[in-house]
Amino acid sequence: MPSWAPLSAEELAQRQQGLNEQQLEQRRIVNVNAETVTDVSGTDIPGHWGPGQDDSWNLDRFKQNLQIKFHQNRPYDSAFSLVGVDASVANAFRRILIAEVPTVAIEDVFVFDNTSIIQDEVLAHRLGLIPLTGGAEGLRSMKWYRKPPPKDDYAAQATWPYDVDENDAESSTPNDHNTVVINLDVECRWATEDKDGRDGKKLAKNGETDPNVRYVNSNVYAHQMVFQPQGDQVKWFSGENAIRPMNPDILIAKLRPGQKISLQCHCVKGIGMDHAKYSPVATASYRLLPHIDIKQPITGADAKKFQRCFPKGVIDVVEEGGDKKAVVLDPMKDTVSRECLRHDEFKDKVKLGRIRDHFIFSVESAGQFKSDELFLDSVRLLKAKADRFKRHLSELEEGR
């Protein structure tokens, strides 16, 4: 029944008496039927369940229900359950992870020499998408760089003096606090006996076709990019903390003898909302925890058939009273394919669903920061947004 439907006197009296634990638990379920999904609307809204129900938001109840449990916490790949929040809050964390946590990426590429077959702008685009890593403390301490507008953008030029941060007059000038410099200088040549221990031209005459044998620097990889510390950056980015590509084996270009790439990259701080290269995550997603309710015992040969309807590890078959019986082992592994609902013998014996406030997050970092730290950053950013909104409401009430 929808929340806006009128209640009879009997239903109203029943609701005013309160709900038992089973009824409250049922409210958490999004029902997955054979061809439809029902009860999908958010319920964390006062008045959703109609009159006679105290469903107002309560801080103590929220603290009691909130849970975070890690299932996997590798440095750049974590999975955890976030329980007890509305879908809007979980989705806010996901969107902030993708688009609003700042990182450092290549912004400007100054090409001095490029005789490869890749055009300058395509090469610059490839470089910009290479994820960087380095000392986390130094990366977090970097300031924002305010890039001046193009000379032919007269509207932006007119507002530029007013957009500059008054508290940081140097924000529009590249310096060691807001810009990281990386050089790439690679030239391809024939392999020689005195330098490389082999004669590339002679090998080619003998039928050698492998460019890695015939030439030197035939492939340009990310590990050939060299970080050039400026000013105080030596203190933050030295040794293991030096700025470098996350994956050293990313292929940038292919060269042949006589071709050369010489360029300089300027890396600045940005957010994924401006460009995807600044997104700190490769993926940040969540799904609702599957719920499998076996209403009637499934035994014998049906138990084995029922087990095969689910991915491995979801359903177990146990011995009970000399007979085999199907039980739920690990619903988290289920993909909710609804395969079991295709079989008539199981339609009335099982109820599928998802728990609406149990979110299984998967956060895969691009490498600049650890996955669990990124989630904490998203929580801090959402809190800052809420504080800013409250401040604006206060100013609105005061008429400012």
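The values are calculated or read from the model by the stated rules, or taken from the named source; none is laboratory data. As the structure is a prediction and not an experimental result, all values here were calculated from the model. Neighbour counts run over all protein chains shown; Cβ positions are idealised from the backbone, glycine included. For accessibility, only protein heavy atoms count, side chains too; no ligands or nucleic acids. Shrake-Rupley method; radii C 1.70, N 1.55, O 1.52, S 1.80 Å.
Which value, in debye to the nearest 20, gives the size of the charge dipole of the chain about its Cα centre, when Lys and Arg are +1 and Asp and Glu are -1 at the Cβ?
Details: 53 positive and 60 negative charges, 201 e Å.
The dipole of the chain has a size of about 960 debye.
Could you report the accessible area of Trp57 in Å², rounded to 10, computed with a 1.4 Å probe on the protein chains as they sit in the structure?
Here the residue's solvent-accessible area equals roughly 150 Å².
So what J values fall out for the stretch 336-341 if you push phi through Karplus, 6.51 cos²θ - 1.76 cosθ + 1.60 with θ = phi - 60°, rounded to Hz, Gly and Pro as x?
Once θ is set to phi - 60°, the couplings for the stretch 336-341 become 6, 6, 6, 4, 5, 6 Hz.
Each residue of the stretch 308-323 in turn: what ³J(HN,Hα) in whole Hz from Karplus with 6.51, -1.76, 1.60 and θ = phi - 60°, glycine and Pro shown as x?
Computed from phi, the couplings for the stretch 308-323 are 6, 6, 10, x, 4, x, 7, 10, 10, 10, 10, 8, 9, x, x, 10 Hz.
If amide hydrogens are placed 1.01 Å from N in the peptide plane, which non-local residues have theirs closer than 5 Å to the one on Ile298?
Amide H neighbours of Ile298: Ala326.
May I ask you to give the solvent-accessible area per residue for the stretch 103-277, in square angstrom, as obtained with a 1.4 angstrom probe?
Numbers: 10160 Å² over 175 residues.
Roughly 58 Å² per residue, with all protein chains present.
Go through the chain and flag any cysteine with no other cysteine's C-beta closer than 4.7 Å, please.
Lacking a cysteine Cβ partner under 4.7 Å: Cys188, Cys265, Cys267.
Taking 0.36 nm per intervening residue step and subtracting the Cα-Cα distance, what contour gain separates Ser262 from Lys312 on full extension? Don't jump to the answer; show the numbers that get you there.
Numbers: separation 50, 0.36 × 50 = 18.00 nm, distance 5.30 nm.
Result for the pair: 12.7 nm of gain on full extension.
Calculate what fraction, in whole %, of the accessible area of the stretch 232-271 sits on carbon and sulfur atoms when a 1.4 Å probe is rolled over the protein chains. Show your work: numbers first, answer last.
Numbers: 950 of 1940 Å².
The C+S portion of the solvent-accessible surface of the stretch 232-271 is 49 percent.
Could you work out the relative contact order of the chain, using alpha carbon pairs under 8 angstrom and six or more residues apart, expressed as a whole percent? Don't skip to the end; give the middle numbers.
Numbers: 710 pairs, mean separation 97.9, N = 400.
Once divided by the residue count of the chain, the mean separation gives 24 percent.
Would you please classify the overall shape of the stretch 103-277 from the alpha carbon gyration tensor, given that a ≥ b ≥ c denote the square roots of the eigenvalues, rounded means a/c under 1.5, and beyond that prolate means a/b larger than b/c while oblate covers the rest? Present the calculation step by step, with values, prior to reporting the outcome.
On the way: a/c = 3.05, a/b = 2.01, b/c = 1.52.
Here the stretch 103-277 falls in the prolate category.
Quick one: dipole size for the stretch 103-277, taken about the Cα centre, charges +1 on Lys/Arg Cβ and -1 on Asp/Glu Cβ, in debye to the nearest 20.
Computed charge dipole of the stretch 103-277: roughly 760 debye.
Can you list the lysines whose alpha carbon sits under 22 Å from that of Lys390, skipping same-chain ones fewer than 8 residues off?
Cross-link targets: Lys63.
Tell me which lysines have Cα within less than 18 Å of Lys324's Cα, excluding those fewer than 8 residues away on the same chain?
Those lysines meeting the cut-off are Lys295, Lys304, Lys305, Lys312, Lys349.
Per-residue HN-Hα couplings for the stretch 75-83, Karplus 6.51 cos²θ - 1.76 cosθ + 1.60 at θ = phi - 60°, whole Hz, x for Gly and Pro?
x, 10, 7, 10, 9, 8, 9, 10, 10
Using heavy-atom solvent-accessible surface (probe 1.4 Å) with all chains present, what is the largest-first order of Arg214, Arg189, Arg140? Spell out each step's value before the answer.
On the way: Arg214 50, Arg189 80, Arg140 105 Å².
So the residues, ranked largest to smallest area, are Arg140, Arg189, Arg214.
Ordering Val363, Val226 by how much accessible area each has at a 1.4 Å probe, largest first, what is the list?
Details: Val363 0, Val226 75 Å².
Descending order: Val226, Val363.
Rounded, prolate or oblate for the stretch 254-400? Axes are the square roots of the Cα gyration tensor eigenvalues, ordered a ≥ b ≥ c, and the cut-off for rounded is a/c under 1.5.
Working: a/c = 4.00, a/b = 1.68, b/c = 2.38.
Note, shape of the stretch 254-400 comes out oblate.
Using a 1.4 angstrom probe on heavy atoms only, work out the carbon and sulfur share of the accessible area of the stretch 79-208 in %. Present the calculation step by step, with values, prior to reporting the outcome.
Numbers: 3750 of 7430 Å².
Within the stretch 79-208, the accessible surface is 51 percent carbon and sulfur.
How much mean residue ellipticity at 222 nm does the chain get from its helices, if each DSSP H run of length 4 or more adds -39500 (n - 2.57) and you divide by all residues, to the nearest 500 deg cm²/dmol?
Working: 14 runs with 116 residues, N = 400.
After summing the helix terms and dividing by the residues of the chain, the value is -8000 deg cm²/dmol.
Compare the Cα positions of Pro211, Ile29, Gln224 along the charge dipole of the chain (+1 at Cβ of Lys, Arg; -1 at Cβ of Asp, Glu; about the Cα centre) and return the one farthest towards the positive end.
The one lying farthest along the dipole's positive direction is Pro211.
May I ask you to derive the FRET efficiency for Glu35 and Leu396 from their Cβ-Cβ distance with R0 = 41 Å, giving the value to the nearest 0.05? Don't skip to the end; give the middle numbers.
Details: r = 47 Å, r/R0 = 1.16.
That gives a FRET efficiency of 0.30.
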